[in-house]
Structures are given as structure tokens and as C-alpha cells.
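Written below as C-alpha cells is the structure these notes are about.
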Amino acid sequence: MKFNIHNVSLTISAASSKQYPETDMPEIALAGRSNVGKSSFINTLLNRKNFARTSGRPGKTQLLNFFNIDDTLHFVDVPGYGYARVSKKEREKWGGMIEEYLTTRANLRAVVSLVDMRHEPSADDIQMYEFLKYYEIPVILVATKADKIPRSKWNKHESMIKRTLQFDSTDDFVIFSSFDKTGLDQAWQVIESFVD
Ligand SMILES: Nc1nc2c(ncn2[C@@H]2O[C@H](COP(=O)(O)OP(=O)(O)OP(=O)(O)O)[C@@H](O)[C@H]2O)c(=O)[nH]1
Ligand SMILES: [Mg+2]
């Protein structure tokens with residue numbers, strides 16, 4: 001699929017289930033703390049520079065963005081969690097929006113859960129992983145920004161992340177970088193295995 005993407009477009013930015021697209025197309029959602037690289041991940045997979053919006057300013061993506069990939073699947077870019085400068089009320093609104101999507105959407109095939117490979121997963125990262133496991137939603141764990149760590153330390157960081165998350169070894173784990181495209185082929189392979 002990755003060699004052959006012709007059309008990508010934003011179907012809708014949705015705040016609630018009433019706005020989700022009416023389609024049977026499978027969906028892969030992206031979750032992760034603000035600024036972890038969700039939009040960059042989508043851009044890298046689509047080989048587009050600036051399709052899903054990326055920015056240095058965290059907390060910008062506030063809605064569920066449904067990106068149509070060749071009428072074959074939707075990537076659903078989910079607003080990042082753990083952004084300190086939002087109010088409690090906004091956080092609750094965010095939580096409700098994500099929870100509604102993740103627990104009710106029949107089209108959802110798997111969630112790409114992104115963590116920053118440099119750091120120990122945060123309490124929010126752990127909570128997200130536990131949430132996905134609890135609802136038996138397939139998880140593709142992506143450890144991103146690998147370009148910021150020397151290769152000799154990748155194993156150590158992978159072990160640290162898996163230990164902290166109490167990672168289920170039946171889930172997929174991908175070391176990734178949007179900067180040098182580490183893990184690009186593996187990421188597509190895993191996603192395709194959930195979409196077919
Ligand atoms: N070095 C490095 N930087 C990255 C990588 N991926 C993303 N970044 C940078 O991290 C910042 C945030 O990336 P985004 O893709 O906008 O992050 P996001 O998760 O979509 O953020 P929100 O939409 O705010 O939740 C940007 O400055 C990116 O250039 C990566 O693999 N390596
Ligand atoms: Mg984003």
C-alpha cells in the first residue's frame with residue numbers, strides 16, 4: 001500500500017459520534033501525549049511533508065481528524081494528552097471525546113500508541129495503555145524519536161518502555177523516527193495486518 005498512495009484527504013474533524021463518517025472503511029487511531037509525534041507519524045507514513053498538521057506548539061489538534069487514505073482506510077489523529085496548559089474542564093471534555101471514540105467505534109481496528117523513546121513512559125502513557133488493554137483494543141506500540149538515541153542504546157530503551165508499561169508481548173512494538181524514517185516499513189506492515 002505504501003508505494004501506492006494516490007489520494008489523501010481530511011474527511012472530517014469530529015467532536016462527537018454524530019460527526020463520525022458513515023462508512024465501513026477500517027480505522028487506525030493515533031494516541032499519545034501532546035507533542036510525541038502523532039501527526040509527524042501520519043505524514044511520514046503518507047510520505048507527505050505537511051498533511052496532518054504538525055507544530056512545535058503542543059495541544060493544537062483539538063478534534064478527531066479523520067484522514068481518508070485512498071478510500072481504503074482512515075487514520076484518526078486524536079488530540080494529545082498530558083498537555084499541562086489546558087483547564088480541567090477542557091481535559092474532561094477531551095477525555096469524554098476520546099473515550100466515546102475508542103469504546104464505541106466499530107470501524108476501529110487498532111490504536112497506534114506513541115511514546116517518546118527517550119523517556120520512561122509517563123503516568124498518562126501507562127493509563128492509556130491500560131485503557132486499551134482493558135477494552136481489548138489491539139495496540140501497536142510505537143516508540144518514536146529514535147533518531148535522538150544512539151543505536152547502541154535502543155535495546156535498553158525498548159526494555160525500559162516495555163517494563164514500565166507492563167507490555168503485553170503479543171502486541172506489536174515498532175521503533176520509529178519521522179526524521180530518518182526508521183521503522184517505516186515495519187509500521188506499514190503491522191498496520192496492513194490489521195486493515196486487511
Ligand atoms: N527528532 C524527532 N522529532 C520529531 C519526530 N517526530 C516528531 N518530531 C517533532 O516533535 C514535535 C511534535 O510533533 P507532532 O507530530 O506535531 O506531535 P503531535 O503528537 O501530533 O502533537 P499534538 O498534535 O500537539 O498532540 C515537532 O516539532 C516535530 O518536528 C521524530 O521522529 N524525531
Ligand atoms: Mg498533532
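The values are calculated or read from the model by the stated rules, or taken from the named source; none is laboratory data. For clarity, every value in this text was computed on a predicted model and none was experimentally measured. With ideal geometry, Cβ positions are generated from the backbone for all residues, glycine too; neighbour counts draw on all protein chains shown.
Some points to look at:
- Taking each residue of the stretch 30-41 that is on the phi > 0 side of the Ramachandran plot and within 7 Å of ligand 1 (Cβ to nearest atom) and looking for partners that are among the hydrophobic types (A, V, I, L, M, F, W, C) and at pLDDT 95 or above with beta-carbon atoms closer than 7 Å, six or more apart or interchain, yields GLY32/LEU114; GLY32/VAL115; GLY37/LEU114.
- Residue within the stretch 113-128 that is farther than 24 Å from ILE5 by Cβ, in contact with a strand residue (DSSP E or B) (Cβ under 6 Å, 6 or more places away or on another chain) and of a type in the set (D, E, K, R) present: yes
- Listed by first and then second residue, the pairs linking a residue in the stretch 51-73 that is farther than 27 Å from ASP24 by Cβ to a residue that is at pLDDT 60 or above and loosely packed, with under 15 Cβ neighbours inside 10 Å, with Cβ atoms under 8 Å apart and 6 or more places separating them unless they lie on different chains, are GLY59/ARG85; LYS60/ARG53.
- Residue check, THR144 on the phi < 0 side of the Ramachandran plot and within 16 Å of ligand 2 (Cβ to nearest atom): yes
- Of the residues examined, ALA110 is one that is closer than 29 Å to HIS157 by Cβ, more than 8 Å from ligand 1 (Cβ to nearest atom) and at pLDDT 90 or above.
- Boolean, LYS148 is at pLDDT 95 or above, under 25 Å from ASN50 (Cβ atoms) and charged (D, E, K, R): yes
- Counted residues, the stretch 33-56 - those being modelled with pLDDT under 85 and either crowded, with 21+ Cβ neighbours inside 10 Å or near ligand 2 (Cβ under 10 Å from one of its atoms) (or both): 4
- Residue within the stretch 134-141 that is in a loop (DSSP other than H, G, I, E, B) and either in contact with a Gly (Cβ under 9 Å, 6 or more places away or on another chain) or within 13 Å of ligand 1 (Cβ to nearest atom) (or both) present: no
- Single unsatisfied condition, ARG91 versus (1) crowded, with 21+ Cβ neighbours inside 10 Å; (2) more than 21 Å from VAL190 (Cα to Cα): (1)
- Qualifying residue in the stretch 153-161 (condition: touching a helix residue (DSSP H, G or I) at 6+ places or on another chain (Cβ under 9 Å) and closer than 30 Å to ASP24 by Cβ): no
- The lone exception for SER122 - which of (1) under 22 Å from THR44 (Cα atoms); (2) of a type in the set (Gly, Ala, Ser); (3) in contact (Cβ under 8 Å) with a residue 40 or more places away in the chain it fails: (1)
- LEU30 vs. criteria surrounded by 14 or more Cβ atoms within 10 Å (Cβ to Cβ) and assigned to a strand (DSSP E or B): yes
- One residue stands out among those in the stretch 69-88 that are of a type in the set (Phe, Trp, Tyr) and buried (at least 19 other Cβ atoms within 10 Å of the Cβ): the one that is nearest to ILE191 (Cα to Cα), which is PHE75.
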